[in-house]
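Take a look at the structure set out below.
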Amino acid sequence: MASSIEYKNGVQPSDRWEMILTRKAYGEMLVELGKNNENIVVLDADLAESTYTKFFRAEFPERFIECGIAEQDMMNTAAGLSTFGLIPFLSSYAIFLTGRAWDQARNTVDYSKMNVKIAAAHGGISVGLDGCSHQSMEDLSNMLSLVNMTVLVPADYWETRKMMEWIPTHEGPLYFRLGREKVPTVTSESTPFEPYHTLEAVGGSDGVFIATGLMLSRAVQAAEMLAEEGIFSRVLHVPMLKPLNDEEILQAAKETGAVVTMEEHSIYGGLGSLVARLLLGNDVHVPTRIIGIPDMYLMSGQPEELLVKAGLTAENGAAKMRDVLALRG
């Protein structure tokens, strides 16, 4: 570990990380929110054991609705409940909520600006052994394309809890992406979650990693590797992809002169696409590389094996940063 790395905002070095489920934080916070707000209701699609809405079901069975394996119906039901002033959280896997039920998400929830919170578990390819049918590689692009949808991707357990505190205060459609596997606690209990802002995780001026979700951990590890070579890269975390804080990303790109984006999502339509469009649209011409899932379907396999196959590693992040810094001159 390079002692000269400047960790910020309560972000922890990789040797202090624990592995905890983000969906467990979601389930815990549903109960805490439910105790303080009787308008919160929870809907699930026969996955309460997996999405951890089982915690809410046990505590508030009268406010829990089991919709069965019917995400389209669940989406419409949640929209209807919101018209009565209730705050519905609906839960299933990302591949179903943003694929099978995308029409309902668009026309019933988003177009009508319904106050529905879509909590999607098993986002990305780290679902591993569930296979390609459950690997959600395009969910963010599907939801980012919806006009009124706020899109959140927490990095870890602590950020999930803080996001959940804020979500009921937000009026309107919201998509909230969770993973399947345990992920590193890069942030800490003291790390702030500021809606509509990015989070500077590591300070530096030799390029900037712009990461979201699980890939924040890989970006921090890449920065640690580079620091051993005397390269000190900034790490910026984007917990809210829509609306994106354009100003903070542009500022980081201008100050560091090189950009590498990192996401557990297709290279089409996710964070990398957002950042590239932003840079070009504002005439910020800095060397840029996008790390995401290549244009391919992956097979069933262990989560870490699939992440390696897709190039979603700290080593690849460090390599891409060396590339853009060489172009920067």
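Going through the cross-link list 24/320; 162/242; 54/182; 8/162, which pairs have a Cα-Cα distance over 22 Å in this structure? As for pairs spanning more than 22 Å Cα to Cα, those are 24/320.
Comparing 103, 295, 139 in a Gaussian network model of the chain (Cα springs below 10 Å), the most mobile by mean-square fluctuation is 295. Going from the residue with the fewest nearby Cβ atoms within 10 Å to the one with the most, 132, 67 rank 132, 67.
Neighbour counts of C-beta atoms inside 10 Å place 196, 7 in the sequence 196, 7, starting with the fewest.
From Cα pairs below 8 angstrom and at least 6 apart in sequence, can you work out the relative contact order of the chain, rounded to a whole percent? Each step should come with its number before you reach the end.
Values: 758 pairs, mean separation 63.1, N = 329.
Worked out over the chain, it gives 19 percent.
One equal scatterer on each Cα of the stretch 19-184, no solvent, Debye formula: the resulting log10 I(q)/I(0) at q = 0.20 Å⁻¹ is -1.39. Farthest towards the positive end of the charge dipole of the chain, among the residues 324, 300, 11, is the Cα of 324, using unit charges on the Cβ of Lys, Arg, Asp and Glu.
Simple rule: put +1 on each Lys or Arg Cβ and -1 on each Asp or Glu Cβ in the chain, find the dipole, and look at 178, 288, 31; the Cα lying farthest toward the positive end is 288.
Counted by neighbouring Cβ atoms within 10 Å, the residues 156, 283, 130 run from fewest to most as 283, 130, 156.
Using the Cα centre as the reference, give the magnitude of the dipole from point charges on the C-beta atoms of the chain (Lys, Arg: +1; Asp, Glu: -1; all else neutral), rounded to the nearest 20 debye.
280 debye
Inverting the pair-averaged 1/r between distinct Cα atoms of the chain gives 19.8 Å as its Kirkwood hydrodynamic radius. Remark: the residue 197-residue 19 segment gains 61.6 nm on full extension, using 0.36 nm per residue and subtracting the alpha carbon distance. Across q = 0.24, 0.27 Å⁻¹, the stretch 191-233 modelled as identical point scatterers on its alpha-carbon atoms has Debye log10 I(q)/I(0) values of -0.85, -1.00, in the order of the q list. A Gaussian network model of the chain, with springs between Cα atoms under 10 Å, assigns the largest mean-square fluctuation among 203, 68, 269 to 68. Under 10 Å, Cα contacts only: if you run a Gaussian network model on the chain, which one of 170, 265, 134 comes out with the highest mean-square fluctuation? Comparing 170, 265, 134 in a Gaussian network model of the chain, the most mobile one is 170.
For the chain, adding -39500 (n - 2.57) for each run of n ≥ 4 DSSP H residues and dividing by the number of residues yields -10000 deg cm²/dmol at 222 nm. If R0 is 25 Å, the Cβ-Cβ spacing of residue 296 and residue 326 corresponds to a FRET efficiency of close to 0.35.
Coordinate-derived values only; no laboratory data. Values in this document were obtained by computation on a predicted structure and should not be read as measured data. FYI the Cβ positions are ideal-geometry reconstructions off the backbone, even for glycines, and counts take in every protein chain you see.
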